Every structure is written in C-alpha cells, then in structure tokens.
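In what follows, a structure is listed as structure tokens, so that the remarks can point back to it.
The values are calculated or read from the model by the stated rules, or taken from the named source; none is laboratory data. The shown structure was predicted, so the numbers you read here are calculated from the model rather than taken from an experiment. Please note: Cβ atoms are built from the backbone with ideal geometry, for glycine as well, and neighbour counts cover all protein chains shown.
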Amino acid sequence: MLKNINPLLTPELLYVVRAMGHGDVLTIVDRNFPADSVASTTVHGSLIRIDGADICETAKAIFSVFPLDSFVDAPIHYMEVVGEPDSMLEVHKDLHKIAIENSDRKWEMESVERHEFYAQSRNTYAVVSTSETRPYGCFMVTKGVIGADGKVF
C-alpha cells in the first residue's frame, strides 16, 4: 500500500506511466475495444486491465500522476463516432473535464477515425482496458514534461 496513490494505479500501471517518456502515448479504452490484440504490438507488449472501473474512474487515477504534453496541439485523442466526425459524446466530455481538473490549463482534444485509431494505438506505449460500457470510450493521451519545479511545461 502507498499513501496518496489512487488504488486503481496498479503496480504494472504505475511502472508503465513512470517508464514512459515525453511524447510517448498511452491508450485508454472501453470494454469493446480489441485491447488484447492491440496491446500485443505496443512497447509494453501486454494489456493492463483495470477491471470494474469506468473511463472516469480510470482517468482520475491516471491524470493524478500523468502530465499531458504541452508541446503538441492536442495531447488527447478520442475515437471518432462512425458517420459523425464532428460529434463529441458524453464519455469524451467526461475524460476531457477530468484532464482539465487535474491540470493548470485547458487541454485540446481531437478525434481520430475509428480504423485509424486502431492503427495508431498499435504503436503506442501501452493499452489500459477499462470496464467502460459507453461506446467510443477510447482515448490516446500523450505524456508531457515535468520541470525542475515539478510543474508541467
């Protein structure tokens, strides 16, 4: 047990987010995503499961320790709704709100077409699978830089 660490941050997940460097991407997905097959091609090479937690719970845990990348236009990408490229679902808004609440700035988000999202997520650092039931609850988040003062650049 550790103090002040969200219990959803398992030893494996803590290891992965600590090992990631600036510009590395973490994929966080819902229960319908082909997580096992995609995770097998990532840097980490195996799926990290957060069973029983939805996107909101998982995002709160991850963003409590994970700095987003201020050197890119949008450090958060979400899976685009098929046939509705301009649609932003409640699950997308929820994660975005949590990212902002755990930071000192308003982060931009961009959508990625579904098949392109699959392709890009195969090249990320790791995949975290949640029990999120809402469709399109899939995200890629880019890790940022922490300065000597402990603040995100």
For the range 111-123, how many residues are among the hydroxyl-bearing types (Ser, Thr, Tyr) and either part of a loop (DSSP other than H, G, I, E, B) or out of contact with any Ser or Thr (no Cβ under 7 Å at 6 or more places or on another chain) (or both)?
-> 2
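Condition (residue is in contact with a helix residue (DSSP H, G or I) (Cβ under 7 Å, 6 or more places away or on another chain), farther than 18 Å from Ile55 by Cβ and not in a helix (DSSP H, G or I)) applied to the range 101-110: is it met by at least one residue? Don't jump to the end; show me each part of the working.
To start, the set of residues in the range 101-110 that are in contact with a helix residue (DSSP H, G or I) (Cβ under 7 Å, 6 or more places away or on another chain) comprises 102, 106-107, 109.
Now narrow it down to the ones that are farther than 18 Å from Ile55 by Cβ: 106.
Remaining after also requiring not in a helix (DSSP H, G or I): 106.
Yes: one or more hits.
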Give me the pairs, please: first residue somewhere in the range 130-148 and outside any loop (DSSP other than H, G, I, E, B), second residue anywhere and among the charged types (D, E, K, R) and modelled with pLDDT of 95 or more, beta-carbon distance under 8 Å, and either six or more positions apart or on two chains.
-> Thr142/Asp24; Thr142/Asp69; Lys143/Asp24; Lys143/Asp69
Can you name every residue in the range 74-90 that is of a type in the set (Asp, Glu) and surrounded by fewer than 22 Cβ atoms within 10 Å (Cβ to Cβ)?
-> Glu84, Asp86, Glu90
Determine if the range 27-35 includes at least one residue that is of a type in the set (Ser, Thr, Tyr), surrounded by 13 or more Cβ atoms within 10 Å (Cβ to Cβ), without any contact (Cβ under 8 Å) to a residue 60 or more places away in the chain and under 16 Å from Ala119 (Cα atoms).
-> no
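Take His96 and decide whether it is surrounded by 14 or more Cβ atoms within 10 Å (Cβ to Cβ), outside any loop (DSSP other than H, G, I, E, B) and free of Cβ contacts under 8 Å to residues at least 40 places away in the same chain.
yes
Within the range 99-153, restricting attention to residues that are β-branched (Val, Ile, Thr) and more than 16 Å from Arg31 (Cβ to Cβ), which residue is surrounded by the most Cβ atoms within 10 Å (Cβ to Cβ)? Please lay out each step first, then the result.
Quick first cut of the range 99-153, residues β-branched (Val, Ile, Thr) only: 100, 112, 124, 127-128, 130, 133, 141-142, 145-146, 152.
With the extra rule that they be more than 16 Å from Arg31 (Cβ to Cβ), the set shrinks to 100, 112, 124, 141-142, 145-146, 152.
Values: Ile100: 15, Val112: 19, Thr124: 22, Val141: 27, Thr142: 24, Val145: 15, Ile146: 12, Val152: 15.
Filtering first and then ranking leaves Val141.
Picking from Asp94, Asp86, which residue would you name as being touching a helix residue (DSSP H, G or I) at 6+ places or on another chain (Cβ under 6 Å) and farther than 22 Å from Tyr125 by Cβ?
Asp94
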Answer residue from the range 56-73, given it is surrounded by fewer than 17 Cβ atoms within 10 Å (Cβ to Cβ) and aliphatic (A, V, I, L, M) and is nearest to Arg105 (Cα to Cα) among those = Val72
Looking at (1) touching a residue at least 40 places away in the same chain (Cβ under 8 Å); (2) farther than 19 Å from Lys151 by Cα; (3) surrounded by 14 or more Cβ atoms within 10 Å (Cβ to Cβ), which is the only condition Glu12 fails?
-> (1)
